[in-house]
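For reference, the structure is listed below as structure tokens.
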Amino acid sequence: MTALALTKPAELRETSILPGRGGFFGQLSDAFWRHPRLLLFLMLTPPLLWLGIIYIGSLIALLLQSFFSIDDFSGLVNYEFTLATYAQLLSPTNFDIIIRTIIMAALVTLASAVVAFPIAYYAARYAQGKWKALFYLGVMLPLWSSYLVKIYAWKLILAKEGILTWIFEKLHLSWLLDGILNLPVVGGNSLSVSYLGTFVVFVYVWLPYMILPTQAALERVPGNLIEASSDLGATPSQTFRTVLFPLALPGIVAGSIFTFSLTLGDYIIPQIIGSSRLFIGQAVYAQQGTAGNVPLAAAFSVVPIVIMAIYLWLAKKQGAFDAL
């Protein structure tokens, strides 16, 4: 075959390679074909510039701002390197804000996992066809509505004159609601100005982010493992503890990345529903806007970044990224 190819006339050998296309776009296409790395470079340059300059650059600027301080007399930023701003985070008021936010984020994550698991398990093991489509629609539908509309809707639901109070009255359970509101930490004048109300709204808003990764992890659990566990004499609780939960844990951890981080940095929900005690997001907003203390606001902003960096490292060890 090679000998025959070499004996072909020169005209036939030359026509076996297509001639270059004319015009600007044709020449450009030929250049990309001959130099594929050039095309790759042009495709990656815009997102890398956005990531490097806009995102990473802003984080670096934020980090640098946190090492400055505010002059107590003039109120101007003192551009000298200092750790005094971070020391202010350890003051009782600021440290309480950090602890309060972490506790709320942890409780919201745990509650979301408890509520999401049975929903995700049903969708993964039993829902088929149109029922699975209905499941995805039901989970995703709240995400399609406006974030602020959902929060203000809950504000009306949890208000003292809201529908929830009316339901408790019709069921003659007003005493139970009053007992909850009289609790020293979670209570308040109404659910709309209490930590309990803030907690409920957080769970509602972030719940879909826990359901979907958990459902994806449960779908990858082979059904024969559960059947084998039952055949070997394990009770349903033992099967859950030793087979189902360990295999679904990466999905739960993946969902917790969303619920924990979103709760950690949110300031709109505590601003609309909750007491006057601040969370980290509110503290950043107040220090940067009202107080004009940009270095302290930057130091507060670094706290969730550090917490989430540690959390993501632990989540990666649990294989959570495989369930995303």
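Assuming R0 = 30 Å, what is the FRET efficiency of residue 44 and residue 86, from their Cβ-Cβ distance, to the nearest 0.05? Once rounded, the FRET efficiency stands at 0.25. Heavy-atom accessible surface of residue 227, to the nearest 10 Å², is about 120 Å², with a 1.4 Å probe and all protein chains retained.
Subtract the Cα-Cα distance of residue 275 and residue 79 from 0.36 nm times their separation in residues, and report this length gain in nm to one decimal. Between residue 275 and residue 79, full extension yields 67.0 nm more.
Once the chain from residue 148 to residue 230 is taken as fully extended at 0.36 nm per residue, the excess over their C-alpha distance is 24.8 nm.
Loop-only trypsin sites (Lys or Arg not before Pro) in the range 123-183, please: DSSP not H, G, I, E or B, and at most 16 other Cβ atoms within 10 Å. For trypsin sites (Lys or Arg not before Pro) across the range 123-183 that sit outside H, G, I, E and B with at most 16 neighbouring Cβ atoms in 10 Å, the list reads 160. Working from label points 7 Å from Cα in the Cα-to-Cβ sense, the residue 140 to residue 182 distance is 4.8 nm. Suppose R0 equals 25 Å. What FRET efficiency, 1/(1 + (r/R0)^6) with r the Cβ-Cβ distance, do residue 127 and residue 107 give to the nearest 0.05? Plugging the Cβ-Cβ distance into 1/(1 + (r/R0)^6) gives 0.30. Per-residue packing, averaged as other Cβ atoms within 10 Å, sorts the ranges 184-192, 208-216 into the order 208-216, 184-192, beginning with the highest. The angle between the Cα long axis of helix 294-317 and the main principal axis of the chain comes to about 70°, on a 0 to 90 degree scale. If the chain linking residue 220 and residue 62 were pulled fully straight, counting 0.36 nm for each residue of separation and taking away their Cα-Cα distance, it would gain 52.8 nm. Among 157, 311, 233, which residue has its Cα furthest toward the positive end of the charge dipole of the chain, with +1 on Lys/Arg Cβ and -1 on Asp/Glu Cβ? Checked the options; the winner is 233. Residues whose amide H comes within less than 5 Å of that of residue 234, counting only those at least five positions distant or on another chain, are absent (H built at 1.01 Å from N in the peptide plane). Modelled spin-label separation between residue 312 and residue 29, with each label point placed 7 Å from Cα along the Cα-to-Cβ direction: 4.0 nm.
Which whole-angstrom value gives the distance between the alpha carbon centres of the range 46-77 and the range 79-126? Each part reduced to its Cα centre gives a spacing of 23 Å. So how tilted is helix 92-125 from the main axis of the chain? Cα-based, degrees 0 to 90, rounded to 10. Compared with the principal axis, the helix lies near 60 degrees.
For Cα extents along the principal axes in Å, the value calculated from this model appears in (1) 71, 49, 44; (2) 101, 72, 37; (3) 54, 41, 36 under label (2). Computed from Cα positions, the angle between helix 130-144 and the longest principal axis of the chain comes to roughly 70 degrees. For residue 70, nonlocal amide neighbours, meaning residues 5 or more places apart or on other chains whose placed amide H falls under 5 Å from its own, are 78.
Give me the net charge of residue 272's neighbourhood, meaning all other residues with Cβ under 15 Å from the Cβ of residue 272; Lys, Arg count +1, Asp, Glu -1. That works out to +2.
The values are calculated or read from the model by the stated rules, or taken from the named source; none is laboratory data. Only a predicted model underlies this, so the values are computations on that prediction, with no experimental measurement involved. Positions of Cβ are generated from backbone atoms using ideal geometry, with glycine treated the same way; all protein chains shown enter the neighbour counts. These accessible areas exclude ligands, DNA and RNA; they are computed on the full protein's heavy atoms, side chains included. Shrake-Rupley method; radii C 1.70, N 1.55, O 1.52, S 1.80 Å.
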